[in-house]
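Peer 1: Just passing along the structure, written as structure tokens.
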């Protein structure tokens, strides 16, 4: 099982309407076929405002999640609203190559989506498993 986490802080000028729309999109992501479970909530004490976990069965489900149209639509809308973003993964998979396999999926995702690369590069702060070095 993989728990794909997203931590974020919104820009100060994000409207409540924009935030509500982004939140609705994250909930839609949670109902994608690849997602086994999800949780979205406020984060306290670690320098981020919000956190979303998406439970994925395996790396195939991870890829399906990354490339699903609901995820793509959410990225397009929400990334420009973020001041700070971090993606991370927690797994019980004992494979020592797991981090490299996730990095390869993220690199492939970026290679297939130049607009996403542009949006990620425009983020003021981006760290974690989706922050692939050497983009663009």
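Peer 1: Within segment 24-48, work out how many residues are out of contact with any strand residue (DSSP E or B) (no Cβ under 6 Å at 6 or more places or on another chain), over 16 Å from residue 63 (Cα atoms), in contact (Cβ under 8 Å) with a residue 12 or more places away in the chain and not in a helix (DSSP H, G or I).
Peer 2: 2
Peer 1: Here's another thing I want to ask about it. Among the listed residues 123, 70, which satisfies the condition of being touching a helix residue (DSSP H, G or I) at 6+ places or on another chain (Cβ under 8 Å) and either at pLDDT below 95 or outside any helix (DSSP H, G or I) (or both)?
Peer 2: Just one listed residue meets the conditions, 123.
Peer 1: In segment 73-120, what count of residues is obtained for those that are under 22 Å from residue 32 (Cβ atoms) and in a strand (DSSP E or B)?
Peer 2: Count: 8.
Peer 1: A further question on this structure: More than 19 Å from residue 122 (Cβ to Cβ), touching a residue at least 40 places away in the same chain (Cβ under 8 Å) and over 13 Å from the mean Cα position of the chain (by Cα) - does that describe any residue in segment 63-76?
Peer 2: Within segment 63-76 (the criterion being more than 19 Å from residue 122 (Cβ to Cβ), touching a residue at least 40 places away in the same chain (Cβ under 8 Å) and over 13 Å from the mean Cα position of the chain (by Cα)), the answer is no, since none of the residues qualifies.
Peer 1: Tally time: how many residues in segment 1-23 are surrounded by 12 or more Cβ atoms within 10 Å (Cβ to Cβ) and touching a residue at least 60 places away in the same chain (Cβ under 8 Å)?
Peer 2: Counting residues in segment 1-23 that are surrounded by 12 or more Cβ atoms within 10 Å (Cβ to Cβ) and touching a residue at least 60 places away in the same chain (Cβ under 8 Å) gives 14.
Peer 1: When segment 82-132 is examined, which residues are found to be closer than 19 Å to residue 4 by Cα and loosely packed, with under 11 Cβ neighbours inside 10 Å?
Peer 2: Within segment 82-132, 92, 94, 95, 96, 97, 100 meet the criteria.
The values are calculated or read from the model by the stated rules, or taken from the named source; none is laboratory data. As the structure is a computational prediction, the values presented were derived from the model and not from experiment. Don't worry about glycine lacking a Cβ; one is built from the backbone with ideal geometry, like all the others, and counts go over all protein chains shown.
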